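First comes the structure, then the notes that go with it.
The values are calculated or read from the model by the stated rules, or taken from the named source; none is laboratory data. The shown structure was predicted, so the numbers you read here are calculated from the model rather than taken from an experiment. Positions of Cβ are backbone-derived with ideal geometry, glycine not excepted, and every protein chain shown enters the neighbour counts.
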């Protein structure tokens with residue numbers, strides 16, 4: 001399976017926990033369960049591979065019951081965390097809806113990333129310029145100076161909030177695919193020899209300057 005945390009993986013582990021419990025059942029029973037939970041996304045041949053793998057896995061019968069209890073306990077914790085995450089996400093969505101921030105008019109900034117960006121920035125009026133906000137996010141290039149010579153390495157300073165940078169990177173990767181202005185900016189960096197992450201850093205900084213303008217002026221962003 002693609003992920004151990006997938007719906008089918010979790011259901012299989014929760015129900016059977018260890019390989020010996022899988023092989024104790026008929027393939028038909030296992031396949032019916034997998035088919036139902038995955039909504040037929042997992043084929044019969046894939047289910048056969050899982051069943052065969054369970055039969056070929058070396059187990060220690062004496063500790064199977066202990067391992068089974070441990071796995072079921074961990075799954076219960078995962079499910080609890082998922083419920084808590086869902087509750088927090090729902091609360092964030094409700095709060096953002098009440099705020100009706102213009103930040104979400106920028107392509108690539110969705111409700112959750114928008115909430116992260118707003119919470120990390122705080123009051124936009126504490127920044128007298130977009131440049132200072134970019135520096136606060138740690139997206140400004142590192143500058144070294146020797147005498148009168150000044151060199152910008154291209155590496156970002158990474159000062160400030162890593163959560164803010166992460167939200168901006170995710171949003172920048174989306175906006176460059178959905179807005180012509182940002183697409184051209186990103187492509188121009190690539191043409192100049194920048195690698196993907198360096199170009200994305202620059203795009204994230206540009207995006208933050210747009211965020212600054214939107215928040216300062218309380219105006220919607222118009223897709224170019």
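In summary, helices (runs of 4 or more DSSP H) completely within region 36-155 and bearing 3 or more residues that are exposed (fewer than 14 other Cβ atoms within 10 Å of the Cβ) and either at pLDDT 90 or above or in the same structural domain as residue 166 (by TED's automatic domain parsing) (or both) occur at 44-56, 61-99. Residue 196 - would you say it is modelled with pLDDT under 90, over 21 Å from residue 119 (Cα atoms), within 24 Å of the chain's Cα centre (by Cα) and surrounded by fewer than 15 Cβ atoms within 10 Å (Cβ to Cβ)? Taking the combined requirement at face value, the residue does not satisfy it. Only one entry of 189, 158 meets the criterion of being free of Cβ contacts under 8 Å to residues at least 24 places away in the same chain and not in a helix (DSSP H, G or I), and that entry is 158.
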